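S.K.: My structure is below; once you've seen it, I'll send some questions.
The values are calculated or read from the model by the stated rules, or taken from the named source; none is laboratory data. Note that this is a predicted model, so its numbers are computed, not measured. Cβ atoms come from the backbone with ideal geometry, glycine included; neighbour counts cover every protein chain shown. Accessible surface areas use protein heavy atoms only, side chains included; no ligands, DNA or RNA. Shrake-Rupley method; radii C 1.70, N 1.55, O 1.52, S 1.80 Å.
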Amino acid sequence: MQSTWSHFIGGAYTGDTAALHEYDPRSAAVSFAIAAGDAATVDAAVAHAKQALAGWRTTKPLARGRVLVAVAAAIRANAARMSAIERAETGKPLPVSLAEVEVTAQYFEFYGGIAPLVHGESIPLGPDYHSYSIREPFGVVGIILPWNSPLTQAARGIAPALAAGNTVVAKPSEFTSVGLLALAAIAGEAGLPAGVLNVVTGTGEAVGAPLVAHPDVRKVAFTGSLRAGQAIGHIAADRVIPLTLELGGKSPNIVFADADLDKAAAGAMTGFTLNSGQICVAGSRLLVEASVHDALIEKLTARLGAVRFETGDGHGLGPIITRAQYDRVQSMLRAAAEQGACALTAPAPLPDAGWYVAPTILVDVTPSMAVAREEVFGPVMTVMRFDTEAQAIAMANDTNYGLVAGLWTASLDRAHRVAAQIEAGQVFVNEFPSGTVETSFGGFKQSGYGREKGIEALHHYTQSKTVIMRIAKDVP
Ligand code: NAD
């Protein structure tokens, strides 16, 4: 596998020599070297994106969509290679990385298919006027990405932005840049014109901030932490450009006594161990009706006992993707223990090398503990009890975040009643999490604003223009 990578600008790998290292979290050994871009690299990438804009935005939407569908096919044809790259930079187990490559293809397929649906409306103003609206692309869009699902999150922003006729400069996480660098070339080979998708690698300060500040970047979509989202928000506010912010979560997963407890236990386990808990939609706060608390904990303890780490056969749990995040998870677990939380930990032996954390369920947690309020981003779930539906809803909403929520119940009435009162952008009922490309996705409160996924995201990558035309009464 190629170990040294440079930026992808104007349809070719170009620019700085490799200066930053990525690590394979399964071994903690260096996996790739990538280029450390700066403001000048951003200038070059934006110039190429601006140059490519006229041709791309005026390409008939059906033809634009056809290119994106071809990109989806090329991603599938390269699935083994893409998965191998993603595994070397994230350590994800094989089925997880293959599933992520498949979802990456689905984003291009979905947005390629609906590209011709970006249309306006006619607005009746009486016989003296003809008025209509159209949806136009912004122009050059900057897309800044995190490290936890590098390919799917890139595709989630890039595919609708391109479908709507924008061109893109993307900045992947400095910990996981290679997958997107490979994807950009694959997209070019599938027919995406040079300059339509550019990838600049480097740190947030050196590349991300200049990208948001660049005068020719007309919209930014950011996925990542609250802290970086706030920093980007300040720059965007000064420039008065629109932002999509997809930030963190501290999502409640509510189990009512009438739920199927086996299914709820399975969903709760997946909710906090998928990708070793490094998903923004992790169901990290389990809220359980008191009468079934002990029964559910018993089922979860049995599931903890069955946890295995990946040992080369591709199956089992993977590691934490960065050393810094591994240290943070460990320090949050220590703080929780000091504050009186009781840890139920998967007994499976940890692999000798790499940054692995045993899935941990924390009981005897109180709502004021940091571990119940802050995002851990590791395989850690807190458990709290409630007695009434109203109490469950209040506890679920007792967070600054509002990304997703889960609820488990046999009652349709309760499902609708509770879903309506939850402050979150997505509510999953009797499943956790639900993963689709077709439904819109985004946060309430400090989980962000704007929406990705679904047809709604297309509208977030366009601005509407209204044309009002006076019709003369005189017949010549
Ligand atoms: P992060 O905020 O540290 O980094 C995200 C990206 O922003 C990286 O590319 C980084 O280089 C860049 N960046 C950092 N500081 C910047 C700055 N000042 N200006 C411009 N760019 C900057 O986030 P992370 O640690 O990579 O990812 C984990 C976080 O992402 C978690 O909080 C998680 O919940 C969140 N996340 C949210 C979603 C969602 O859809 N809501 C999805 C995945 C991850």
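S.K.: Amide H of Gly425: which non-local residues (sequence gap of 5 or more, or other chain) have their own amide H closer than 5 Å, using H built in the peptide plane?
M.R.: Placed amide hydrogens put Leu403, Val404, Phe444 under 5 Å from Gly425.
S.K.: Given Cα pairs under 8 Å that are at least 6 residues apart, what percent is the relative contact order of the range 340-476? Walk me through the intermediate numbers first.
M.R.: Values: 170 pairs, mean separation 20.1, N = 137.
Relative contact order here is 15 percent.
S.K.: Another question, then. Which whole-Hz ³J(HN,Hα) couplings does the range 360-373 yield from phi under the Karplus relation 6.51 cos²θ - 1.76 cosθ + 1.60, θ = phi - 60°, glycine and proline marked x?
M.R.: Computed from phi, the couplings for the range 360-373 are 9, 9, 9, 9, 6, 9, 10, x, 7, 5, 4, 5, 8, 10 Hz.
S.K.: As an exercise, take the mean of 1/r over every pair of distinct alpha carbons in the range 252-429, invert it, and state the Kirkwood radius in angstroms.
M.R.: Working: mean 1/r = 0.0610 Å⁻¹.
After inverting the mean inverse Cα-Cα distance, the result is 16.4 Å.
S.K.: If you don't mind, there's one more thing I want to ask. Placing +1 at every Lys and Arg Cβ and -1 at every Asp and Glu Cβ, with all other atoms neutral, what dipole size does the chain have around its Cα centre, in debye to the nearest 20? Could you put the intermediate results ahead of the total?
M.R.: Working: 36 positive and 43 negative charges, 212 e Å.
Computed about the Cα centre, the dipole is about 1020 debye.
S.K.: Under 8 Å for C-alpha pairs, at least 6 residues apart: give me the relative contact order for the range 252-429, rounded to a whole percent. Could the numbers behind the result be given before it?
M.R.: Numbers: 309 pairs, mean separation 53.0, N = 178.
Relative CO of the range 252-429 lands at 30 percent.
S.K.: Dipole of the chain (Lys/Arg Cβ +1, Asp/Glu Cβ -1, origin at the Cα centre): which of Gln230, Val169, Leu333 lies farthest to the positive side?
M.R.: Ranked along the dipole, the leading option is Val169.
S.K.: Still on this model: Tabulate in residue order the Karplus-calculated ³J(HN,Hα) for the range 270-286, using 6.51 cos²θ - 1.76 cosθ + 1.60 with θ = phi - 60°, rounded to whole Hz; enter x for Gly and Pro.
M.R.: Computed from phi, the couplings for the range 270-286 are 4, x, 10, 10, 4, 6, 6, x, 8, 10, 4, 8, 3, x, 7, 10, 8 Hz.
S.K.: Gain in length, Thr436 to Gln230, computed as 0.36 nm per residue apart minus the alpha-carbon separation, to one decimal in nm? Numbers along the way, then the final one.
M.R.: Working: separation 206, 0.36 × 206 = 74.16 nm, distance 2.75 nm.
Residue separation times 0.36 nm, minus the Cα-Cα distance, leaves 71.4 nm.
S.K.: Using θ = phi - 60° and the Karplus relation 6.51 cos²θ - 1.76 cosθ + 1.60, list the HN-Hα couplings for the range 413-419 in order, rounded to whole Hz, with x at every Gly or Pro.
M.R.: Values, residue by residue: 4, 5, 4, 5, 4, 6, 4 Hz.
S.K.: Another question, if that's okay. What is the distance in Å between the Cα centroid of the range 71-130 and that of the range 289-335?
M.R.: If we compute the Cα centre of each part, the gap is 31 Å.
S.K.: Keeping all protein chains in the complex and leaving out DNA, RNA and ligands, what accessible area do you get for Arg385 with a 1.4 Å probe, in Å² to the nearest 10?
M.R.: 120 Å²
S.K.: Identify all aspartates and glutamates with a Cα-Cα distance to Lys473 below 20 Å; exclude those on the same chain that are fewer than 8 residues away in sequence.
M.R.: Partners found: Asp128.
S.K.: Around Phe309, which amide H atoms from residues at least 5 apart in sequence, or from another chain, sit under 5 Å from its own amide H, with H modelled in the peptide plane?
M.R.: Hits under the 5 Å cutoff: Leu317.
S.K.: May I pose another question? Report the dimensions of the chain along its three principal axes from the alpha-carbon atoms, largest first, rounded to Å.
M.R.: Principal axes ranked by extent give 84, 58, 40 Å for the Cα atoms.
S.K.: Same structure again: Using a cut-off of 29 Å between alpha-carbon atoms, which lysines can reach Lys453, once sequence neighbours fewer than 8 places away in the same chain are excluded?
M.R.: Lys50, Lys60, Lys92, Lys171, Lys219, Lys250, Lys263, Lys445, Lys465
S.K.: Report, in whole Å, the centroid distance computed from the Cα atoms of the range 405-442 and the range 191-242.
M.R.: Using only Cα atoms, the two centres lie 31 Å from each other.
S.K.: Further question on the same structure: Can you find, among Gly126, Gly312, Pro367, the residue sitting farthest towards the positive end of the charge dipole of the chain, where Lys and Arg contribute +1 and Asp and Glu -1 at Cβ?
M.R.: Gly126
S.K.: Taking only the C-alpha atoms, wrap a convex hull around the range 234-331 and report its volume per residue in Å³ as a whole number.
M.R.: Numbers: hull volume 17.3 nm³, N = 98.
Dividing the Cα hull volume of the range 234-331 by its residue count gives 177 Å³.
S.K.: Please compute the length gained on full extension between Leu62 and Ser291, using 0.36 nm multiplied by the number of residues separating them and subtracting their Cα-Cα distance. Please list the in-between numbers first.
M.R.: Values: separation 229, 0.36 × 229 = 82.44 nm, distance 5.60 nm.
76.8 nm is the gain from fully extending Leu62 to Ser291.
S.K.: Evaluate the range 330-476: find the radius of gyration of its Cα atoms, find its Kirkwood radius, and give the ratio Rg to Rh. Working shown, then result.
M.R.: Numbers: Rg = 22.6 Å, Rh = 19.0 Å.
Rg/Rh: 1.19.
S.K.: Oh, and also: Compute, for the range 54-136, the length of the dipole vector about the Cα centre, with Cβ point charges of +1 (Lys, Arg) and -1 (Asp, Glu) only. Units Debye, rounded to 20. List each step's numbers first, then the result.
M.R.: Values: 9 positive and 8 negative charges, 67 e Å.
Dipole of the range 54-136, to the nearest 20 debye: 320 debye.
S.K.: Take Arg470, Arg64 and sort them by solvent-accessible surface of the protein heavy atoms, 1.4 Å probe, largest at the top.
M.R.: Details: Arg470 145, Arg64 15 Å².
Largest accessible area first, the list is Arg470, Arg64.
S.K.: What Kirkwood hydrodynamic radius do you get for the range 413-476 when you take the inverse of the mean 1/r over all pairs of distinct Cα atoms, in Å?
M.R.: 15.3 Å
S.K.: Let me ask another. Roughly how tilted is helix 323-338, in degrees to the nearest 10 and between 0 and 90, from the longest Cα axis of the chain?
M.R.: On a 0 to 90 degree scale, this one is about 40.
S.K.: Relative contact order (percent) for the chain, with alpha-carbon contacts under 8 angstrom and 6 or more residues of separation?
M.R.: Values: 1112 pairs, mean separation 88.0, N = 476.
The value is 18 percent.
S.K.: Same structure again: Among Ala265, Trp408, Ala70, pick out the residue whose Cα is farthest towards the positive end of the charge dipole of the chain, where Lys and Arg carry +1 and Asp and Glu carry -1 on C-beta, about the Cα centre.
M.R.: Ala70
S.K.: Also, quick follow-up: In terms of the Cα gyration tensor, with a ≥ b ≥ c the square roots of its eigenvalues, is the range 167-259 rounded because a/c is under 1.5, prolate because a/b exceeds b/c, or oblate? If you can, show how the numbers build up before the last one.
M.R.: Numbers: a/c = 2.26, a/b = 1.38, b/c = 1.63.
Cα axes put the range 167-259 in the oblate bin.
S.K.: Given the chain, what percent of its DSSP beta bridges are antiparallel, to the nearest 5?
M.R.: 40 percent
S.K.: Here is a follow-up. Where does the chain land at 222 nm, in deg cm²/dmol rounded to the nearest 500, when only DSSP H runs of n ≥ 4 count, each adding -39500 (n - 2.57), divided by all residues? It would help to have the intermediate numbers written out before the result.
M.R.: On the way: 15 runs with 186 residues, N = 476.
Rounded to the nearest 500, the figure is -12000 deg cm²/dmol.
S.K.: Quick one: accessible surface of Tyr132, probe radius 1.4 Å, all protein chains present, in square angstrom to the nearest 10.
M.R.: That residue has around 70 Å² of solvent-accessible surface.
S.K.: Under the rule of at least 5 residues apart or a separate chain, name every residue whose amide H is placed under 5 Å from the amide H of Ser251.
M.R.: Those lying under 5 Å, H to H, from Ser251 are Ser284, Arg285.
S.K.: Return the FRET efficiency for the residue pair Ala40, Lys473: r is the Cβ-Cβ distance, R0 is 60 Å, and the value is rounded to the nearest 0.05. Don't jump to the answer; show the numbers that get you there.
M.R.: Values: r = 58 Å, r/R0 = 0.97.
About 0.55, to the nearest 0.05.
S.K.: Leaving out ligands, DNA and RNA but keeping every protein chain, what accessible area does Lys60 have, in Å² rounded to the nearest 10, with a 1.4 Å probe?
M.R.: Rounded to the nearest 10, that gives 150 Å².
S.K.: When the dipole is taken about the Cα centre of the range 218-355, and only Lys, Arg (+1) and Asp, Glu (-1) are charged at their Cβ, what size is it in debye, to the nearest 20?
M.R.: 680 debye
S.K.: Evaluate E = 1/(1 + (r/R0)^6) for His130 and Asp387, where r is the Cβ-Cβ distance and R0 equals 56 Å; express this FRET efficiency to the nearest 0.05. Before the final figure, lay out the partial values.
M.R.: Values: r = 61 Å, r/R0 = 1.09.
Using R0 = 56 Å, I get an efficiency of 0.35.
S.K.: Could you order Arg414, Arg308, Arg76 by accessible surface area, starting with the largest, using a probe radius of 1.4 Å?
M.R.: Details: Arg414 45, Arg308 140, Arg76 90 Å².
In descending accessible area the options line up as Arg308, Arg76, Arg414.
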